[in-house]
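Asks: This is the structure I have questions about; it appears just below.
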Amino acid sequence: MSHSSEIQPMRTSLLPYGKQSIDEDDIQAVVKVLKSDYLTTGPEIERFEKRIAEYVGAKYAIAFSNGTAALHAACYAAEIQPGDEVITTPLTFAASANCLLYQGGSPVFADIDERTYNINPKEIRKKITSKTKAIIPVDFTGQPASLDEIMAIAKENNLVVIEDAAHALGSTYKGKRIGSISDMTMFSFHPVKHITTGEGGMITTNHRKYYEKLCQFRSHGITRDRGKMKSNHGPWYYEMQNLGFNYRLTDFQAALGNSQLNKLERFISRRREIAAIYQDAWKGHQELILPFQQESGQSSWHLFVLRINSNTVRVDRKTIFTELMEQNIGVNVHYIPIYLFPYYQELGFQQGLCPVAEKVYEEFITVPLYPAMTNEDVQDVIAAVNRTIRKYKRV
Ligand SMILES: *Cc1c(COP(=O)(O)O)cnc(C)c1O
């Protein structure tokens, strides 16, 4: 059977699943820094860090060249070493687990909760051993993970919690913004995320010891703090004390971040508005399983992930996916369970490890969601999904 549909696309151009919003004021903010004295670490970085810390309610924020570098630094600050096990979810971007491998740690995948798609605390408990060092929960699509339970498990077992909140800038959990709850929280400023710096990332934390390690790690393991040096050769002297990296963000990227941050609330409310329109449009449809909406907080809706209900739809996800693409709806799939990738298979992980994650992966389709979508764009997505599922409805 051919996958091509007879339906003519109503759109003449592809609607992407995510996209940045850059205005003239963002461009001017970057140009201003390009004409100034600082291109790399300068006043815009400090301001960006301070504003993010304030926004999420954390004591410290440290900017990095990207979210993955930030996660790597957090794994370093948590002292993850060869032999240590780190528990994370398989249903995330590869960076959530790659970061602990950079430190020589061993990933341990705990299955997700079928309702929330987030890591299941009961599964975390089953995976804890004497070697467990940390947990990396991910706030999938912006829905906060079960942070109270995860923090309690961490406390009982003396573990560090590094929260991958790449999707969750502006999300709330029990009245608190994401970014002040776990030991270290990572945000990403990749163009599809809530605000962008091109590439960029941030760690927020309330702990001074993590903050200091993160700062050193970002800049070659070098300190210029006289009080911390082991010797002093003279006024030129600085000291490399640990093996770090160059993971710095540039000042013009931070200027873009600061300009974008002025619009964050508007971006988030538009994302929430679109998510609500989708929820409303599809709520009675037996063919679709809609994303979970938690009562304990509010998602900032990085992604809107639909599940094709295999009990009521007679074709597989690939058919629906292909036909939506043919109608110029830029769907996507988040995520391929990490351990199914060849690299992880070669580490010894096998299919069947996390059956819930594997099952939902087979049914997932991410539909477009970003602040610059017009109401017509939103209606195009709804109409295309409705036409496609109606066509393949089981009778
Ligand atoms: C985007 C993302 C990252 C990595 O961020 P980069 O800034 O692209 O390095 C990590 N984890 C998740 C879940 C992400 O979505």
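Asks: May I ask you to give the solvent-accessible area per residue for region 24-261, in square angstrom, as obtained with a 1.4 angstrom probe? Intermediate results must be reported in sequence, preceding the final value.
Replies: Values: 9820 Å² over 238 residues.
Heavy-atom SASA per residue in region 24-261 reads 41 Å².
Asks: Another question, then. Just to check I understand the Karplus step: with θ = phi - 60° and J = 6.51 cos²θ - 1.76 cosθ + 1.60, what whole-Hz values come out for region 244-249, glycine and proline as x?
Replies: Here the 3J(HN,Hα) series is x, 10, 9, 10, 7, 8 Hz.
Asks: Across region 182-190, in residue order, what do the Karplus-derived ³J(HN,Hα) couplings come to in whole Hz, using 6.51 cos²θ - 1.76 cosθ + 1.60 with θ = phi - 60° and x for Gly and Pro?
Replies: 7, 5, 9, 10, 9, 10, 10, 10, 4
Asks: Let me ask another. Considering the alpha-carbon set of region 177-232 alone, what are its Rg and its Dmax in angstrom?
Replies: When restricted to Cα atoms, region 177-232 yields Rg and Dmax of 14.5, 46 Å.
Asks: At a probe radius of 1.4 Å, what is the per-residue accessible area of R177, in Å² to the nearest 10?
Replies: 80
Asks: Which order do peptides 64-70, 124-130 fall in by mean Cβ count within 10 Å, highest first?
Replies: Ranking the peptides 64-70, 124-130 by packing returns 64-70, 124-130.
Asks: Between region 219-245 and region 18-90, what is the C-alpha centre distance in whole Å?
Replies: Spelled out, the Cα-based centre of one part sits 23 Å from the other.
Asks: Given H placed 1.01 Å from N in the peptide plane, which residues other than close sequence neighbours of F304 have an amide H under 5 Å from its amide H?
Replies: For F304, whose amide H was placed from the backbone, the distant partners under 5 Å are V367.
Asks: Give a residue-ordered list of calculated ³J(HN,Hα) values for region 53-67 (Karplus: 6.51 cos²θ - 1.76 cosθ + 1.60, θ = phi - 60°; whole Hz; x for Gly, Pro).
Replies: Those phi angles translate into 4, 4, 4, 8, x, 10, 6, 10, 9, 10, 7, 10, 5, 6, x Hz.
Asks: Is the C-alpha gyration tensor of region 100-222 telling us rounded, prolate or oblate? Criteria: a/c under 1.5 is rounded; beyond that, a/b larger than b/c is prolate, otherwise oblate.
Replies: oblate
Asks: Further question: What ranking do 225-232, 192-199 get when scored by the average of other Cβ atoms within 10 Å per residue, highest first?
Replies: Descending mean neighbour count gives 192-199, 225-232.
Asks: Now for a different question. Taking amide H positions as placed in the peptide plane 1.01 Å from N, state which residues far from G330 in sequence (5 or more) or on other chains have amide H under 5 Å from it.
Replies: L15
Asks: How do the peptides 166-176, 243-253 rank, highest first, by the average count of neighbouring beta carbon atoms within 10 Å per residue?
Replies: So the order, starting with the most tightly packed, is 166-176, 243-253.
Asks: Using amide H atoms built 1.01 Å from N in the peptide plane, name the residues 5+ places from T41, or on other chains, whose amide H lies under 5 Å from its own.
Replies: HN-HN under 5 Å from T41: D251.
Asks: Something else now. Out of all DSSP beta bridges with both ends in region 24-261, state the antiparallel percent to the nearest 5.
Replies: In region 24-261, DSSP labels about 55 percent of beta bridges as antiparallel.
Asks: Next question, about the same structure. Test of the criteria: in region 20-98, which trypsin sites (Lys or Arg not before Pro) are in a DSSP loop and have at most 13 other Cβ atoms within 10 angstrom of their Cβ?
Replies: Answer by residue number: K35, K59.
Asks: At q = 0.07, 0.11, 0.13 Å⁻¹, what is the base-10 log of I(q)/I(0) for the chain according to the Debye formula with one equal point scatterer per Cα and no solvent? Please give it to two decimals.
Replies: Calculated log10 I(q)/I(0) at the listed q: -0.34, -0.82, -1.11.
Asks: Using a 1.4 Å probe on the protein heavy atoms, what percent of the accessible area of the chain belongs to carbon and sulfur?
Replies: That share works out to 51 percent.
Asks: Computed over the Cα atoms of region 168-265, what is the convex hull's projected area averaged over all directions, in nm²?
Replies: 8.0
Asks: Using a Gaussian network model on the chain with a 10 Å cutoff between Cα atoms, which of V385, V160, V31 fluctuates the most?
Replies: Answer for the Gaussian network model of the chain: V31.
The values are calculated or read from the model by the stated rules, or taken from the named source; none is laboratory data. As the structure is a prediction and not an experimental result, all values here were calculated from the model. Ideal geometry is used to build each Cβ from the backbone, glycine not excepted, and the neighbour counts take in all protein chains shown. For the accessible areas, the whole protein counts, side chains as well, though only heavy atoms, and no ligand, DNA or RNA atoms are used. Shrake-Rupley method; radii C 1.70, N 1.55, O 1.52, S 1.80 Å.
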